[in-house]
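Read-outs throughout are calculated quantities, based only on the coordinates presented, and are distinct from any laboratory measurement. Keep in mind the model is a prediction, meaning the values are calculated, not measured. Quick reminder, even Gly has a Cβ in these numbers, built from the backbone with ideal geometry, and neighbours come from all protein chains shown.
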Amino acid sequence: MQKVFDVIIVGTGPAGLTGAVYTARAELSVLALRDPEGSNLEKVAFIGNYFGFPEGVKGPDLLRLGEKHATKYGALIKSEEVLSCKELSVLPAKEQKKFSGANIVVKTQRADYGAKALLIAAGMQIRSGGIENEFKYFGRGVAVCVACDGPFFKKKKVMIVGAGNLAANEAIELSQFTKDIVVNTHGEELKMDAEWEKRLREKKIPIVNKRVAGVHGNSWVEELTYMDGTSERFEGLFLALGTASATDFARSLGLEMDGNAIKVNSHGQTNLKNVWAAGDVTGAPRQIGKSVGDGVRAAINMIESLRGGHYVDHRET
Ligand SMILES: Cc1cc2nc3c(=O)[nH]c(=O)nc-3n(C[C@H](O)[C@H](O)[C@H](O)COP(=O)(O)OP(=O)(O)OC[C@H]3O[C@@H](n4cnc5c(N)ncnc54)[C@H](O)[C@@H]3O)c2cc1C
């Protein structure tokens, strides 16, 4: 098994797979790694806002197409969780010899690999509310993104679970589709800025604090139950508990962060010379289209960096 690759990509979602298509098509050796959870899109039953699919597309179908595309050009995709990434220069001399030619060493649950260039496209995990059936009803009344799924909730009664600015923002965005919205801090202290609280008040969106126990229904959400044994009719539940960072190992590389997002320049490059980042890990808007775009700009810059030369846009010539 090859130990040193031109490019290692952490993540096989839209950002990582786009990076893999571009770099493998440029005939670089590419290893793309994914953890058992996979992309957030594995759980998405219907994507209605991605270019080229007027009838919508299932998340897993889009991912399988992307994998087929990347492997067609020679990218190797492996299911191995990345545990850490380190610069070769900080490793003991013996290790440095083993990965000669690499700049970064990626440690997975099974093996260590060297990379000349690393693309971090590890996405952002959804923070669970610990609510019974919350993932079962994904795409059937439970959602995490108003920009993606808001239109499904027209004139429906919806609860936004979350105590911070994210919850307030989602509620306000959703108010263009329905006026029947409640923000529920779900047992947490309210931690949104006064400005966001004021905006909720102006929109007459109430804030309650009741721990949700479960979400129930048939083909769509119909009812929420509470820890106190009561229940209430609702037709929608948005999880807006903030996004837990999937980038802990990025911190181990000493990457500059902006909150829970990895900071990148206009080429998708991080503060480390041989490390790029793309997709949800680099921040909002956390959407497929933006992740694909990020993957493109990072891959082009990686190719330039590994090959030398400069990408010239046809309009600049
Ligand atoms: C319920 C839901 C509905 C959505 N609907 C839409 C929609 O309709 N339209 C839209 O544009 N966007 C939608 N989104 C957002 C969209 O899913 C993301 O913006 C997009 O998937 C981000 O792509 P990404 O490549 O950055 O990360 P992801 O697609 O999340 O992929 C992350 C990859 O990193 C891998 N990974 C993470 N950690 C490790 C590790 N330690 N080791 C190895 N691999 C690792 C994962 O296995 C995965 O392959 C939705 C999201 C959710 C949760």
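Once every DSSP H run of n ≥ 4 in the chain is given -39500 (n - 2.57) and the sum is divided by its residues, what mean residue ellipticity at 222 nm do you get, rounded to the nearest 500 deg cm²/dmol?
My calculation for the chain gives -7500 deg cm²/dmol from helical runs alone.
Over the residues of region 173-230, compute the C-alpha Rg and express it relative to 2.2 N^0.38 Å.
Cα Rg divided by the expected 2.2 N^0.38 Å: 1.29.
With a sphere of radius 10 Å drawn around the Cβ of LEU28, what net charge do the other residues whose Cβ falls strictly inside it have (Lys, Arg +1; Asp, Glu -1)?
In short, +1.
Arrange the following residues from fewest to most other Cβ atoms within 10 Å of their Cβ: MET227, MET257.
MET227, MET257
With a sphere of radius 14 Å drawn around the Cβ of PHE99, what net charge do the other residues whose Cβ falls strictly inside it have (Lys, Arg +1; Asp, Glu -1)?
+3
Taking every alpha carbon pair in region 110-172, what does the distance histogram look like in 5 angstrom bins from 0, in percent?
3, 11, 21, 20, 14, 6, 6, 9, 6, 2, 1
What list do you get for THR108, THR12 if you sort them by fewest beta carbons within 10 Å?
Ascending number of Cβ neighbours within 10 Å: THR108, THR12.
Let's see if you can work this out: charge +1 on each Lys and Arg Cβ, -1 on each Asp and Glu Cβ, no other charges. What is the dipole magnitude of the chain about its Cα centre, in debye to the nearest 20?
460
Per residue and in cubic angstrom, what volume does the convex hull of the Cα atoms of region 73-155 have?
Each residue corresponds to 185 Å³ of Cα convex hull volume.
Karplus couplings for region 127-139 from phi (6.51 cos²θ - 1.76 cosθ + 1.60, θ = phi - 60°), rounded to Hz, Gly and Pro as x?
7, 6, x, x, 9, 4, 6, 4, 7, 4, 9, 4, x
Beta carbons within 10 angstrom, averaged per residue: use that to sort the peptides 194-203, 295-304, 263-272, highest first. Intermediate values should be presented prior to the final figure.
Numbers: 194-203: 13.4, 295-304: 23.1, 263-272: 17.5.
Put in order of decreasing packing, that is 295-304, 263-272, 194-203.
At each listed q (0.07, 0.13, 0.14 Å⁻¹), what is the log10 of I(q)/I(0) that the Debye formula gives for the chain modelled as equal alpha-carbon point scatterers?
Summing over Cα pairs of the chain leads to -0.32, -0.95, -1.05.
Arrange SER39, SER175, SER128, SER219 by Cβ neighbour counts within 10 Å, fewest through most, would you?
SER219, SER128, SER175, SER39
Can you find, among LEU83, GLN125, TYR137, the residue farthest towards the positive end of the dipole of region 47-138? Put +1 on the C-beta of Lys and Arg, -1 on that of Asp and Glu.
Result: LEU83.
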